[in-house]
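Right, one structure below, let's go through it.
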Amino acid sequence: NDHHKLRGFYRHVMVEADRVYTNMELTGWPVSGEKALAVRAIIEREMTTLEEAMHRSLRKRGIEVDSKVFASPDRLRKLVFDEKQLGYPVNPDTNVAYTRNGKLSTVAPALVHLRHKPFIANLLKWRNHAKAENTYIDPAIRMADSRGRLTTSYKLAKVVTGRTASGKEDDAGVAIKAKFTEGMNLQNLPYDEYGEEKAKVR
């Protein structure tokens, strides 16, 4: 009886859903390269402003670094926690304070206890902007120049909670990060507003 119900669910729900989602995958969504470029320009201006603010915070401590440090976990780790530099305390929650390799982590949950520090607050904002640019805006610009449409690959039965997942798949059918492909996770577009224009990636 359970197998009969399962077959009915598959036939009446999953097969139909697969047809609809496959059509969406093949069709895609129109994207404006001009608008994407405009949003990227706004994001980059805000990132530059944040970088300048971070450098000012560091200079007050007598620290001079190049901006590449902000995107380098190893160099950032030393800058944030080394006593000869900022010397900030490690997150007391050991579950987030360290990486799997036992190194001090610099991901957002590991730095959240320092968000009252101007440098860290600006760093977290800068990272969000960088992710929006690299993961969504840049691929959108490339897709606008090629097909003129955003694409993704839906997974109807990938998540144990039952919700739909999306992303891009390689030739083996294994989901891989959007920055390595021309597809993206269209269900996770950032809702942040940028600049006085209130531009949005979404």
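Data overview
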| item | result |
| --- | --- |
| Rounded percent of accessible protein surface that carbon and sulfur make up, region 1-152, 1.4 Å probe | 53 |
| Residues with amide H under 5 Å from that of Lys168, placed H, sequence gap 5 or more | Ser153, Ile176 |
| Rounded to the nearest 10 Å², the accessible area of His55 at probe 1.4 Å | 30 |
| The chain, accessible area per residue, ligands and nucleic acids excluded (1.4 Å, Å²) | 65 |
| Peptide ranges 71-84, 120-133 listed from the most packed, as the mean C-beta count within 10 angstrom indicates | 120-133, 71-84 |
| Charge-dipole axis of the chain as Lys and Arg at +1 and Asp and Glu at -1 on Cβ define it, positive-most pick from Thr161, Ala71, Tyr194 | Thr161 |
| Solvent-accessible area of Ser67 with every protein chain in place, 1.4 Å probe, in Å² to the nearest 10 | 40 |
| Cβ-placed point charges (K, R +1; D, E -1), dipole of the chain about Cα centre in debye, nearest 20 | 460 |
| Average Cα contact separation per residue, the chain, under 8 Å, 6 or more apart, as relative contact order % | 24 |
| Of Arg56, Arg19, Arg115, the one that fluctuates the most in a GNM where the chain has Cα springs shorter than 10 Å | Arg19 |
| Cα-Cα over 24 Å, subset of Lys155/Lys198; Lys125/Lys200; Lys68/Lys200; Lys131/Lys168 | Lys155/Lys198; Lys68/Lys200 |
| Net charge of neighbours whose Cβ lies under 13 Å from the Cβ of Leu111, counting Lys and Arg as +1 and Asp and Glu as -1 | +4 |
| Integer Hz, Karplus 6.51/-1.76/1.60 couplings in order for region 51-67, x for Gly and Pro | 4, 4, 5, 5, 5, 4, 4, 6, 5, 4, 9, x, 10, 10, 9, 8, 5 |
| Modelled FRET efficiency - R0 41 Å, Lys84 with Lys158, Cβ distances, 0.05 increments | 0.35 |
| Positive-end residue of Leu37, Met143, Ala17, charge dipole of the chain with Cβ unit charges | Ala17 |
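The values are calculated or read from the model by the stated rules, or taken from the named source; none is laboratory data. On a predicted model such as this, the values are computed, not experimentally measured, just so you know. Ideal geometry is used to build each Cβ from the backbone, glycine not excepted, and the neighbour counts take in all protein chains shown. The accessibility values were calculated without ligands, DNA or RNA, using every heavy atom of the protein model including side chains. Shrake-Rupley method; radii C 1.70, N 1.55, O 1.52, S 1.80 Å.
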